[in-house]
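Have a look at the structure below, then the notes.
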């Protein structure tokens with residue numbers, strides 16, 4: 001077997017998930033989508049924004065990161081792909097960094 005620098009690619013097949021939201025949460029998500037459109041000039045539906053919102057939430061949850069790191073070998077940890085993160089500097093501006 002060859003020793004390749006590029007590791008085997010992770011599963012990239014999307015998974016469809018159906019959820020039921022309370023009306024107030026749906027209204028808040030729609031307000032977020034409206035603010036997103038006002039901020040960036042791009043209209044994105046709530047269902048497009050939600051996966052990115054969930055990824056940002058999980059990436060920012062230090063307790064979750066610590067717990068998954070402690071469970072080395074867990075399928076959840078193995079399936080998570082490294083993503084560039086945005087960190088907030090002391091000046092309040094976003095600066096890109098690479099998660100390791």
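The values are calculated or read from the model by the stated rules, or taken from the named source; none is laboratory data. Here the structure is a predicted model, which is why all the values come from computation and not from measurement. Virtual Cβ from ideal backbone geometry, glycine too; neighbours counted across all protein chains shown.
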Inset, instruction - Confirm whether residue 37 is at pLDDT 95 or above and surrounded by 11 or more Cβ atoms within 10 Å (Cβ to Cβ). - result: yes
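Here is a yes/no grid of residues against (1) part of a loop (DSSP other than H, G, I, E, B); (2) modelled with pLDDT of 55 or more:
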site	(1), (2)
6	yes, yes
17	yes, yes
33	no, yes
68	no, yes
87	no, no
97	no, no
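Conditions (1) surrounded by 12 or more Cβ atoms within 10 Å (Cβ to Cβ); (2) modelled with pLDDT under 90, marked per residue:
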residue: 14; (1), (2): no, no
residue: 22; (1), (2): no, no
residue: 41; (1), (2): no, no
residue: 45; (1), (2): no, no
residue: 49; (1), (2): yes, no
residue: 54; (1), (2): no, no
residue: 63; (1), (2): no, no
residue: 76; (1), (2): no, yes
residue: 94; (1), (2): no, yes
